[in-house]
């Protein structure tokens, strides 16, 4: 399979990746296939990584029906822990790109890394979620996106490497189609083109600044403070709420919330605790 040339200037290396999984729950489900195409800032040829993974848990029938990966196919494949160091070196300090990566692939990958004692820190990386460019400019699916931007058809949809290559093709098509095109909002107000050949600027355009984590349990309020986005404490400050309700705080850390959510909650708790000690 030919890997496309990436038609954008890079501030650092970037890994486009895609996952096939046992299901759609970011916390409970596991990876059964991961494919990565890594591009280098230096301009040297991109490299690929593609592997089936033994998830160690059952694969749902619904998921197998979509991606075609069964328990027998992964029975003798490496676990995530087996290939974790290789993947860790591959992603290293790279920016990340994918399709629906912000809300699913990245949070699930973060969970897998957390289980083997590694923290995939996104705070110093740009994330290009090609789906968000597509949905903001032309709301459709990956298959329709490939046809719309590239006049191509996906030969083997839901194969991870096929999907990641299709994502890169779509991204290149978006860069060409929308370069110089103004963005018009719901009220008809136009602004300069947000689609430029710059990863950091595209990250700003595609990043959802209101929510903080991939599962959308936390968000920023109007004052840029971290608040809950669910349950009885929705809109309440995370640090203050957890400090005042220790049972709720402990419940959050014990329940099936993502590693990312727990880390942010702990940080907000400690930050608020320091303000109270200072008093």
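The values are calculated or read from the model by the stated rules, or taken from the named source; none is laboratory data. The structure displayed is predicted, hence computed values, not measured ones. Cβ coordinates were reconstructed from backbone atoms using ideal geometry, including for glycine residues, and neighbour counts include every protein chain displayed.
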Contact list, first residue from segment 211-225 and over 16 Å from residue 108 (Cβ atoms), second anywhere and in a loop (DSSP other than H, G, I, E, B) and at pLDDT 85 or above, beta-carbon distance below 6 Å, six or more apart or interchain, is 218/229; 219/229
When you scan segment 178-201, do you find a residue that is surrounded by 13 or more Cβ atoms within 10 Å (Cβ to Cβ), under 21 Å from residue 104 (Cβ atoms) and in contact with a strand residue (DSSP E or B) (Cβ under 6 Å, 6 or more places away or on another chain), even just one?
yes
Just one of (1) buried (at least 18 other Cβ atoms within 10 Å of the Cβ); (2) over 19 Å from the mean Cα position of the chain (by Cα); (3) not in a loop (DSSP other than H, G, I, E, B) trips up residue 106, so point out which.
(2)
